[in-house]
Amino acid sequence: MSVTIKDVAKEAGVAPSTVSRVIADSPRISQVTKKKVKKVMEDMGYHMNYNARVLVRQATQTIGVVMKHSSSHSFDNPFFSEVLSGISKACQENDYSLNLTTGESEEAIFRDVIKMVQGKRVDAIVVLYSKEDDQVVPYLMQQNFPFVMVGKPLLEASNIMYVDNDNVQASNEAADYLIQLGHERIGIVGGEADFEVTKARVEGYKKALALHGCPQNASYIKYRKDGSYDGTIITEELLGLPEPPTALVIMDDFHALSIIAALKEAGVSVPGDMSVISFNNTIVSRLSSPSLTTVDTNAGQLGYYSADTLIEKLQKPGMMNKSLIIPTNIVERESCRERK
């Protein structure tokens, strides 16, 4: 037989209405009483009726998460798993649940978002990307629906909450790291060209080359297409150039694995013939052979602070929008070598 509010009230020596107020986190109840009642609830195995709570509070206690691609595709890359882990931690600390988009295309993901908003399935949304020609963010703004972005907005950045790295600076430092090792012909392998993070990192890469007078060759800049991490074609294009690069900045550890495999297939060793620095410092970078020198973007913190900031906004609607920049640092491993 399930434990009721009346059972908890009797055991705690308080009125049932007091237990209800504790569940609703009413400011009228002292912290001492809240702690006492919650301890009894835990000891007795009381579980709140969330459906009833939703009706009373007009809130779902659920945060929606909009994936960059389909969930099945995104979970291939451990970066997104680490971001989601951070989001989950913040939600758990604040007694929120998660609802992820599951669409297999941009249009299907957008339809998921509409269902979340119109069906009142979530209280707010974390958007895990920033890109051109996006339908989701303009829709959320039009609906005046609470949301935060992981990535700097391409438009109206001052009016939108976001959590991001300084990707221009991070990429600048990655390219500079290779330059300090004596490399001049440096290529960059980005994500899809219409995503803000790709634009920012290409900008930082170009700034580093310009500062040190290194050749800027448009053929050294390559982009991922259609979410694919297959590095075979990109590698063939780079190695087929009259003067191939001697070092690469690759915007994702997961993609770096594919590029390194393609280089090995072509008889190019890393770091002997080609130095590689990547981004994100996921488990992939540690298990790769050679292990990857990488820019740690602190993916877990990106996720945690996006959700934590969003929940704070829900709890304090009058709060000014916050935007946070999470620091990065280069983790040196085995995939880079001094150019001789």
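Just a few scattered comments:
- R201 being open to solvent by 40 Å² or more (accessible area, probe 1.4 Å), in contact (Cβ under 8 Å) with a residue 24 or more places away in the chain and in contact with a helix residue (DSSP H, G or I) (Cβ under 8 Å, 6 or more places away or on another chain): no
- Check on S335, buried (at least 19 other Cβ atoms within 10 Å of the Cβ), more than 30 Å from M161 (Cα to Cα) and either touching a helix residue (DSSP H, G or I) at 6+ places or on another chain (Cβ under 7 Å) or touching a residue at least 24 places away in the same chain (Cβ under 8 Å) (or both): yes
- Residue list for the stretch 297-320, filter: over 16 Å from N94 (Cβ atoms) and outside any helix (DSSP H, G or I): T297, N298, G318, M320
- All strands (runs of 3 or more DSSP E) inside the stretch 58-171 with 2 or more residues being open to solvent by 20 Å² or more (accessible area, probe 1.4 Å) and not aliphatic (A, V, I, L, M): 97-100
- Yes/no for T294 being in contact (Cβ under 8 Å) with a residue 40 or more places away in the chain and either part of a helix (DSSP H, G or I) or open to solvent by 50 Å² or more (accessible area, probe 1.4 Å) (or both): no
- Against the test of being closer than 25 Å to S258 by Cβ, in a loop (DSSP other than H, G, I, E, B) and not small (G, A, S), the options E203, E192 yield a single qualifying residue, E192.
- Residue match in the stretch 209-217 (condition: of a type outside the set (A, V, I, L, M), under 21 Å from G151 (Cβ atoms) and either modelled with pLDDT of 95 or more or within 20 Å of the chain's Cα centre (by Cα) (or both)): no
- Within the stretch 93-115, residues that are under 23 Å from K313 (Cβ atoms) sit with their Cβ atoms under 7 Å from residues that are in a helix (DSSP H, G or I) and at pLDDT below 90, at 6+ positions apart or across chains, in these pairs: L100/S71; T101/S71.
- Selection status of T246, buried (at least 22 other Cβ atoms within 10 Å of the Cβ), within 21 Å of T293 (Cα to Cα) and among the polar types (S, T, N, Q): no
- Residue within the stretch 248-255 that is assigned to a loop (DSSP other than H, G, I, E, B) and out of contact with any Cys (no Cβ under 6 Å at 6 or more places or on another chain) present: yes
- H183 falls short on exactly one of the conditions (1) over 26 Å from H69 (Cβ atoms); (2) in contact with a strand residue (DSSP E or B) (Cβ under 9 Å, 6 or more places away or on another chain); (3) in a helix (DSSP H, G or I), and that condition is (3).
The values are calculated or read from the model by the stated rules, or taken from the named source; none is laboratory data. From a predicted model like this one, the values you see are computed outputs, not experimental measurements. Virtual Cβ from ideal backbone geometry, glycine too; neighbours counted across all protein chains shown. All accessible areas refer to the heavy atoms of the entire protein, side chains included, with ligands and DNA or RNA removed. Shrake-Rupley method; radii C 1.70, N 1.55, O 1.52, S 1.80 Å.
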